[in-house]
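Colleague: Below is a structure I'd like to ask you about.
Read-outs: derived from the displayed coordinates by stated rules, not from any lab. Because the structure is predicted, anything quoted here is derived from the model rather than measured. No Cβ is skipped: glycine too gets one built from the backbone with ideal geometry, and neighbour counts run over all protein chains shown.
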Amino acid sequence: MESPSEVKILFWLGTSVMLLLTFGLLSLVMFYQKQFLKSKQLESERLLKAILDSEKKERQRIAQDLHDGVQSDLRAISNYFLLLSRKIKEEQLQSLLKDTRNALEDTIESTRFISYKLMPPLIEIRGFVMAVQDYFERLSKSSNKKFSLQDNVKEIVVSDSVGYELFRIVQEFTSNMLKYGSIQECKLFFYEINNRICLELVDDGVPFDFMSSYKTSFGSGLQNIQSRLKSIHATLEQRKVVTGNHFVIYLPKEL
């Protein structure tokens, strides 16, 4: 017959083994759960990248079609009207042909700007900073608002893929400013600090809470901003200001 001390030892030994088995089982479950979540996150990131890549290719195709097809056809029609105006002497018809040709020129310019917004060529040729600078110059001219780029470090370089996503984010923000913000001026600051690349957008328009609007919005604009930020591992911070809005995007330098 076993002594009480032996029973006690066996009891604690059994309890310890059960605790170890339980702990081991919980650790195994947590490990597989973590791996499952990591797998789902990677799958989500791959899906997001595939969607954004597909959108980029479609934008390139449409922009190319507009440039090579529609713009060329409109330019040819405009030239036909020019030839007709040289042969027709009647003043009334001359005026009509001139007005028609002017309308065509406006359409060509609008088509060119749409093509540019779909796929700005400067991103791959001269980089993000020059592409934004050119975009702001065009936007200032077409909207009669003041858009300016204050780049403090000229040597900052981001890859074409990251530059493209940043450009689209800037586009979404500026579109919202013009559509809903009633802005007069927008400034963009692009610089490097603490081994991170920072992009700041400051406007004097109607204040709005980005995260609250994002959660309740049914539009694609704010959703696109968040998706693109996620795709380049960037974070967005909205700073409190007295008037207007102030957004800061932080981007890891190694990208």
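Colleague: By counting other Cβ atoms within 10 Å of each Cβ, how are Glu105, Glu90, Glu172 ranked from fewest to most?
Modeller: Details: Glu105 14, Glu90 9, Glu172 18.
So the residues, fewest neighbours to most, are Glu90, Glu105, Glu172.
Colleague: How big is the dipole moment of segment 123-255 about its Cα centre under a simple scheme where the beta carbon of each Lys and Arg is +1, that of each Asp and Glu is -1, and everything else is neutral? Debye, nearest 20, please. Numbers along the way, then the final one.
Modeller: Working: 16 positive and 16 negative charges, 57 e Å.
Here segment 123-255 has a charge dipole of around 280 debye.
Colleague: Same structure again: At 25 °C and a viscosity of 0.890 mPa s, what translational diffusion coefficient does Stokes-Einstein give for segment 133-255, taking Rh as the Kirkwood radius over Cα pairs? Give it in µm²/s as a whole number. Show your work: numbers first, answer last.
Modeller: Details: Rh = 14.9 Å.
The Stokes-Einstein estimate is 165 µm²/s.
Colleague: What is the sum of charges, Lys and Arg at +1 and Asp and Glu at -1, for the other residues whose Cβ falls under 12 Å from the Cβ of Glu185? Intermediate results must be reported in sequence, preceding the final value.
Modeller: Working: positive: Lys145, Lys146, Lys187; negative: Asp203, Asp204.
With Lys, Arg at +1 and Asp, Glu at -1, the net is +1.
Colleague: What are the ³J(HN,Hα) values, in whole Hz, obtained from phi via the Karplus relation 6.51 cos²θ - 1.76 cosθ + 1.60 with θ = phi - 60°, for each residue of segment 205-216 in sequence order, with x given for Gly and Pro?
Modeller: x, 5, x, 8, 8, 4, 5, 5, 5, 4, 5, 9
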